Each structure stands twice: as C-alpha cells, then as structure tokens.
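The values are calculated or read from the model by the stated rules, or taken from the named source; none is laboratory data. These figures come from a predicted structure and were not determined experimentally. For neighbour counting, all protein chains shown are included, and Cβ atoms are generated from backbone atoms with ideal geometry for every residue, glycine included.
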C-alpha cells in the first residue's frame, strides 16, 4: 500500500508535492513524545531514541518534530534537525554526531535555519501523503532558504528520497543525500567540484 501510494502521489520535487487536506501536519505536543519515540524505534532501522532524548531536542525547538494525523489519529511523524551555520559545516565535513548531535550546532528557536537534516521519518500508508503538507510548512520564512539532507537507511527510504528530488552528493559525510530548494539551484558548470550544494569559499573553519 505504501509503495503504491508513493508511486501514485509523490513523483515531484519535495517543494512541489501535492497538499492533502485529509492529513493534518503540525508540531508535536509534549504528550505525544512517548508514542513517537516508540514509533521511531519500531519503524526506522537503526534508530534508538528514548523519550528523554526527544524531550531534550523538543525543548530547544518544538517544531523539530512534525506529526501526521487524520481525524485525530496519529499516523506518523518526521524529526528534523534545524542546523545553524556551524552545524551545516559540521554535517558536510562529517564532524557531528547524527545520533546525539551537539546542541550548539542547532539553530535556536526562531533563528533562521542554514540547513535541515531529516533525522527520521516514522509512518506508513496515508502518513506519507502528508509529506506535501510538511513541505508547505518548510517553505515558511524561517526554513525556505535551507536545503534538506538525509541518510536513507533502507531501499524504501532511498526510493522515497529519489522520488521527492533528493540525490546523493559528494562530501566528507558518507552517503549523504541532499534536496536543493529550487530557488537555490545553480547551473551545473558553476557548482563546486567538491560540494554540489555549497561553494568551498563559503565553508567556514
């Protein structure tokens, strides 16, 4: 069911995904963290998240966890790391822990975001149809300039990344995938020979 849904509905760039009026996408509530941690551990290979860890990042920025629900029923969620400039560089140069990221690499609540790392997507079936609503949220003023990054851990995850416009990029971070926002794209011949998403001159020490 999930595969057919993705094939039918998600053959678009992430920012052009269709919105779905049946799926409500919103910031998670503190009361949902226990079930979201359990859902992530059950559905996302390699993820071992306890509720206290989610509480830690939730306290810094409640909008870092977006839930998908339909008629009040929780279908899934996506956990995001909103990186500041230091965090962006640390991601590209493989200088950050992606399981327990340093809080100093994350944008403070309300600050503009330099890059968005898709930490985990937990959900199946109709939840995936809510990705268009999530993309609408991430087109807000705080997030619009930030490209998205991910490490898909399964074949289904890679297929989803390809379907919504992510591609594997060269970087010091192994197997890093990136979705460039349409307004950030530059002609191929002008891109850095090392990093396709950011010029070397823009990387800070």
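Restricting to the range 17-29, what's the tally of residues that are surrounded by 12 or more Cβ atoms within 10 Å (Cβ to Cβ) and without any contact (Cβ under 8 Å) to a residue 40 or more places away in the chain?
1
Only one of (1) surrounded by fewer than 20 Cβ atoms within 10 Å (Cβ to Cβ); (2) part of a loop (DSSP other than H, G, I, E, B); (3) modelled with pLDDT of 90 or more is not met by residue 174, so which one is it?
Exception for residue 174: condition (3).
Is it the case, given these coordinates, that residue 93 is touching a strand residue (DSSP E or B) at 6+ places or on another chain (Cβ under 6 Å) and more than 27 Å from residue 71 (Cα to Cα)?
No; evaluated as a whole, the condition is false for this residue.
Take the residues in the range 63-108 that are outside any loop (DSSP other than H, G, I, E, B) and exposed (fewer than 15 other Cβ atoms within 10 Å of the Cβ), then tell me which one is modelled with the highest pLDDT.
This residue is 104.
Kindly establish whether residue 115 is under 21 Å from residue 181 (Cβ atoms), modelled with pLDDT under 95 and under 13 Å from the mean Cα position of the chain (by Cα).
Judged against the criteria, residue 115 is not a match.
Among the residues of the range 157-172, what is the count of those that are under 23 Å from residue 90 (Cα atoms), out of contact with any strand residue (DSSP E or B) (no Cβ under 6 Å at 6 or more places or on another chain) and in contact (Cβ under 8 Å) with a residue 24 or more places away in the chain?
3
Examine the range 120-127 for a residue that is farther than 20 Å from residue 77 by Cα and out of contact with any helix residue (DSSP H, G or I) (no Cβ under 6 Å at 6 or more places or on another chain), and state whether such a residue exists.
There is no residue in the range 120-127 that is farther than 20 Å from residue 77 by Cα and out of contact with any helix residue (DSSP H, G or I) (no Cβ under 6 Å at 6 or more places or on another chain).
Which residues, taken from the range 40-62, are at pLDDT 75 or above and either exposed (fewer than 13 other Cβ atoms within 10 Å of the Cβ) or part of a helix (DSSP H, G or I) (or both)?
55, 56, 57, 58, 59, 60, 62, listed by residue number.
I'm checking my understanding of the structure. Among residues of the range 126-156 that are assigned to a helix (DSSP H, G or I) and in contact with a strand residue (DSSP E or B) (Cβ under 7 Å, 6 or more places away or on another chain), which one is farthest from residue 14 (Cα to Cα)?
Once the filter is applied, the top-ranked residue is 126.
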